[in-house]
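To keep things clear, I will list the structure first and then write my remarks on it.
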Amino acid sequence: MKHWIKPRRVEWISFYTMMPVLCCVLNYLLFDDRIYTDARIWFYSFPLIFLQGLVSWYLHIVVMYWLRIKFPLLKQTSLRLTILAFAHITMTFLTFVSLFYTYDALHFLGYNLDAGKLRSCLFVAIGLTMVATTMWEA
């Protein structure tokens, strides 16, 4: 890549509106009611999740722009959107599974893996990702 891809305004807006919601929901799923009483979660987990979200979001943007270049024709729209949906769902899945399993492996802030909460998080994250992708492609 010769230069960094510069996200458009709508992409930044979607990040700054969805990421705080995702941070809160994710930390609640990870730590339950401890988010209200344990300041370490706010000081350590929120910034880590925000940073991971920023990296993941940017990679989503890069994939989307690359697919627009690779499949630019109107008749290629269905193919591009199918590949994009698959790529975004896969990237979201990998992002959140790696987060949950890393927190568990490190026992980060006392976290123990809960597969049910991971599943809930994946549904929320994939749903938000599809909403953002729809906004970006519209």
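The values are calculated or read from the model by the stated rules, or taken from the named source; none is laboratory data. Not measured: the values here are computed from a predicted model. Positions of Cβ are backbone-derived with ideal geometry, glycine not excepted, and every protein chain shown enters the neighbour counts. These accessible areas exclude ligands, DNA and RNA; they are computed on the full protein's heavy atoms, side chains included. Shrake-Rupley method; radii C 1.70, N 1.55, O 1.52, S 1.80 Å.
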Considering residues of the stretch 107-132 that are farther than 16 Å from residue 21 by Cβ and assigned to a helix (DSSP H, G or I) only, the residue most open to solvent (accessible area, probe 1.4 Å): 119
The stretch 92-119 residues that are modelled with pLDDT of 90 or more, paired with ones that are among the small types (Gly, Ala, Ser) and open to solvent by 70 Å² or more (accessible area, probe 1.4 Å) (beta carbon under 9 Å, 6 or more apart): 113/105
Residue count, the stretch 8-46 (criterion: open to solvent by less than 20 Å² (accessible area, probe 1.4 Å), farther than 14 Å from residue 96 by Cβ and either touching a residue at least 12 places away in the same chain (Cβ under 8 Å) or out of contact with any Cys (no Cβ under 9 Å at 6 or more places or on another chain) (or both)): 5
Residue count for the stretch 113-138, restricted to those that are under 16 Å from residue 35 (Cβ atoms) and not hydroxyl-bearing (Ser, Thr, Tyr): 4
Residue that is among the small types (Gly, Ala, Ser) and within 25 Å of residue 65 (Cα to Cα), where the choices are 110, 127: 127
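Condition (residue is touching a Lys or Arg at 6+ places or on another chain (Cβ under 6 Å), under 20 Å from residue 132 (Cα atoms) and modelled with pLDDT of 90 or more) applied to the stretch 59-70: is it met by at least one residue?
The answer is yes, given that some residue of the stretch 59-70 is touching a Lys or Arg at 6+ places or on another chain (Cβ under 6 Å), under 20 Å from residue 132 (Cα atoms) and modelled with pLDDT of 90 or more.
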From the options 49, 5, residue that is hydrophobic (A, V, I, L, M, F, W, C), crowded, with 18+ Cβ neighbours inside 10 Å and either out of contact with any strand residue (DSSP E or B) (no Cβ under 9 Å at 6 or more places or on another chain) or not in a helix (DSSP H, G or I) (or both): 49
Conditions (1) of a type in the set (Ser, Thr, Tyr); (2) under 22 Å from residue 27 (Cβ atoms); (3) touching a residue at least 24 places away in the same chain (Cβ under 8 Å); (4) open to solvent by 30 Å² or more (accessible area, probe 1.4 Å): number failed by residue 65: (2)
